[in-house]
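S.K.: This structure is in structure tokens; I'll ask about it shortly.
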Amino acid sequence: MTLLAASALSGGYGGAEVVREVDLAVAEGDCVAVLGPNGAGKSTLLRLLAGILPATSGAVELRGRPLAAWRRREVAQAVGFVPQNVSFAFPLTVAEVAQQGRAPHLGPWRPPSPRDHAAVAAALERVGLAGREGAAVQRLSGGERQLVLLARALASEPRVLLLDEPATALDVRHQLDLVAILRELTAKGVGAVVVVHDWNFALRVANRVAVLHGGRLRAVGTPEEVLRPELFRAVFGVDVELVERPGDVPFVVPRA
Amino acid sequence: MRRAADVTLVLVLLLACAAALLAGGPAATPADALAALAGGGTPEARIVVFGLRLPRLLLGIGVGAALALAGAALQSLLGNPLADPFLLGISGGGAAAATAAFALLPVAALGLVPAAAMAGAAGATALVWWMARGPLGPSSTRMILAGVAVNAAASAAILTILSVAPSPRLPGALAVTMGSLASANGAAVAWLAPYLFVPAFVLLLHGRDLGLLATGEESAAALGVEVGTVRRRVFLAAAALSGGAVAFAGVIGFVGLVTPHLCRMVWGQSTRRLLPRAALAGAALMVLGDLVARRAVAPAELPVGVVTALLGVPFFVVLLRRTP
């Protein structure tokens, strides 16, 4: 079943269109990797899909209904968003940030129930931050902060997860953990869209790859369909070598 | 720990209220005041307690709670620990209008000073909001910059008015800039209470949203906050609270800025938990501050803003040093 679908989606900031006429669908169990050069509109596409940024034309549908027809809180219950970075003006603890993920389920007055606390604890456990609940987020490293934001999104138990470069500050161990987390979620029917720069990371997690260039979708399909040296040359201006590995996805090596 | 802090807060507020009603000069000594509260006492003591001290106490509670709530909400809304009704120019706009009214209005019309202060605060709010709107919509940074500019203009206006105001009007105009609860009366309190209630309710309703907004608008929107609506409501509610406070008590700094931080250090960062406690703590700080302002150099009075700063700063310094 299609969870989230963009059709002829365009949007940007202050009248300038950054994303143009993108068609993209995320079904249950899909993990779509969005790749493209800097400034191609990847983060903007993610914001449009999350409904944080209103589309200038086209539409995003959540379970067949336009995002605009849902209440913001209902969207947040179904769609988890992991931003690249968040500015922490106040000394929040790891637990306080993760608990924010339950907000869409709580409304203005209701205090968190044991069920909410359990979801938060499970999310922190899953990203490896169990035992760090009381740590001040402001003091964490960039990678640990990314894990806290991931935990916050997991705590909301979304049907669709949108991640904006979630792996950039992670060490190799945590990158592999993230791959495992995304595979677990998609195995349970969650749909995911992950913006990444690392092709090899994308090929590990994604069953579909979308390439953005100048705000337009340049290619979308299975990794095998999209992974062509001509595309790299056209979009990134680099030559790559695809190192085939029996029984595994190929490895992308750029040539200097 | 939090429960104990809650109980302590309520006890401090109640004790402060009792002290504000009982402590005073020879017109109503603590024993006289107690007798008056019990339904007896001299007519003179009853007038002092019910006609002067009680309205002043209630005004102090309202103003302290309003400033602290507005400060806590603005800090979260703008994701800036420095935000308060001052920084955003709201108090400044109210004070400029109130000093102008004091200096220029005929004596018979001086009852309009609170209305002028409200209008000034509303005007400053509108100006800040308008300036903060960039091509991408209002942003927190622009809002703070706009507030700083409006504040500077308000300060310049106040200084100009004070330097040209006729000398009989100077004390009243100066009192606005220094903050005082001395003008409290039953009518002012009866008027202010319902006026403060609605915006206070709006802020409490958005407590959880404000907590999410403190980590950025994009992040809050992703967690279900209708950012545009909440920002508009919270800003207007905070401005209304600050305007009401300036109208009846003049400019009282520090309470709006520091009370929320004191509470954050004790109760943590959850804005939903923070807002009601900040309101109670602001009320307690203001009542205690006014008590000291009234009694420290009796029969003269200190500006209450000076006292709240002197009372709050040491607490704040100790807590700041202790917080990890």
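Each value in this text was obtained by applying a stated rule to the coordinates, not by laboratory testing. All figures in this text were calculated on a predicted structure; none of them were measured in a lab. When we count neighbours, we look across all protein chains shown, and the Cβ atoms used for this are built from the backbone with ideal geometry, even at glycine.
S.K.: Using a 10 angstrom cutoff on alpha carbons, build the Gaussian network for chain B and name the most mobile of B:84, B:290, B:209.
M.R.: B:209
S.K.: So what's the back-of-envelope 222 nm ellipticity for the protein assembly as shown, counting only DSSP H runs of four-plus at -39500 (n - 2.57) apiece and dividing by all residues, rounded to 500? If you can, show how the numbers build up before the last one.
M.R.: Details: 25 runs with 329 residues, N = 580.
Dividing the helical sum by the residues of the protein assembly as shown leaves -18000 deg cm²/dmol.
S.K.: Also, quick follow-up: Three principal axis extents, largest first, for the C-alpha atoms of segment B:61-322, in Å?
M.R.: Reported extents, whole Å, longest axis first: 57, 42, 33.
S.K.: In addition: Just need the relative contact order of chain B here, percent rounded to a whole number, with Cα pairs under 8 Å and 6+ apart.
M.R.: Computed value for chain B: 28 percent relative contact order.
S.K.: What nm value, rounded to one decimal, do you get for the distance between residue A:225 and residue B:115 when each label is placed 7 Å out toward the C-beta?
M.R.: 7.1
S.K.: Moving to a separate point now. May I ask for the equivalent-ellipsoid semi-axes of segment A:118-173, computed as the square root of five times each C-alpha gyration tensor eigenvalue and listed largest first in whole Å? The partial results should precede the final answer.
M.R.: Working: eigenvalues 57, 49, 17 Å².
Ellipsoid half-lengths, sorted descending, are 17, 16, 9 Å.
S.K.: Stokes-Einstein D for segment B:166-282 at 10 °C, 1.306 mPa s, Kirkwood Rh over Cα pairs, in µm²/s?
M.R.: On the way: Rh = 15.9 Å.
Translational D for this selection: 100 µm²/s.
S.K.: Scale the Cα Rg of segment B:1-144 by the rule-of-thumb value 2.2 N^0.38 Å and send over the ratio, two decimals.
M.R.: 1.43
S.K.: Let me ask something else. Give me the distance in nm between label points sitting 7 Å out from Cα along the Cα-to-Cβ direction at residue A:65 and residue B:296, one decimal.
M.R.: Roughly 5.9 nm, to one decimal.
S.K.: Using a simple charge model, +1 on the beta-carbon of Lys and Arg, -1 on the beta-carbon of Asp and Glu, nothing else, what dipole does segment A:1-153 show about its Cα centre, in debye to the nearest 20?
M.R.: 380
S.K.: Report the percentage of all Cα-Cα pairs in the protein assembly as shown whose separation exceeds 48 Å, rounded to a whole percent.
M.R.: Result for the distance tail: 25 percent.
S.K.: Build a GNM of chain A with springs between Cα atoms under 10 Å: which of A:231, A:67, A:161 gets the top mean-square fluctuation?
M.R.: Maximum fluctuation in the GNM of chain A, among the listed residues, is at A:231.
S.K.: Could you work out Rg/(2.2 N^0.38 Å) for segment B:68-222, with Rg from alpha carbons only?
M.R.: 1.15
S.K.: Tell me the Kirkwood radius of segment A:13-97: reciprocal of the mean inverse pair distance over distinct alpha-carbon atoms, in Å.
M.R.: 14.9
S.K.: Using R₀ = 51 Å, calculate the FRET efficiency as 1/(1 + (r/R₀)^6) where r is the Cβ-Cβ separation of residue A:118 and residue B:178; round to 0.05.
M.R.: After rounding, the FRET efficiency stands at 0.45.
S.K.: Show me A:113-119, A:38-44 ranked by packing, highest mean number of other Cβ atoms within 10 Å first.
M.R.: A:38-44, A:113-119
S.K.: When the gyration tensor of segment B:26-73 is built from Cα positions, what are the square roots of 5 times its three eigenvalues, in whole Å, from largest to smallest?
M.R.: Each semi-axis is the square root of five times an eigenvalue, giving 30, 8, 8 Å.
S.K.: Further, regarding this structure: Suppose we keep just the DSSP beta bridges with both residues in the protein assembly as shown; what percent of those would be antiparallel, to 5?
M.R.: 60
S.K.: On C-alpha positions alone, give me the angle between the axis of helix A:142-155 and the longest principal axis of chain A, in degrees, nearest 10.
M.R.: 70
S.K.: Additional query: Connecting C-alpha atoms closer than 10 Å in a GNM of chain B, tell me which of B:102, B:50, B:254 has the biggest fluctuation.
M.R.: Largest GNM mean-square fluctuation: B:50.
S.K.: Further question on the same structure: Provide a whole-number value for the mean count of partner chain Cβ atoms within 10 Å of the Cβ atoms in peptide A:77-90.
M.R.: Taking all residues of A:77-90 together, the mean is 5.
S.K.: How far apart, in nm, are the 7 Å Cα→Cβ label points at residue B:47 and residue B:2?
M.R.: 5.0
S.K.: Whole number please: convex hull volume per residue of the Cα set in segment B:228-324, in Å³?
M.R.: Dividing the Cα hull volume of segment B:228-324 by its residue count gives 101 Å³.
S.K.: At 10 °C and 1.306 mPa s, what whole-number value in µm²/s does Stokes-Einstein give for the translational diffusion of chain A, with Rh from the Kirkwood sum over Cα pairs?
M.R.: 84
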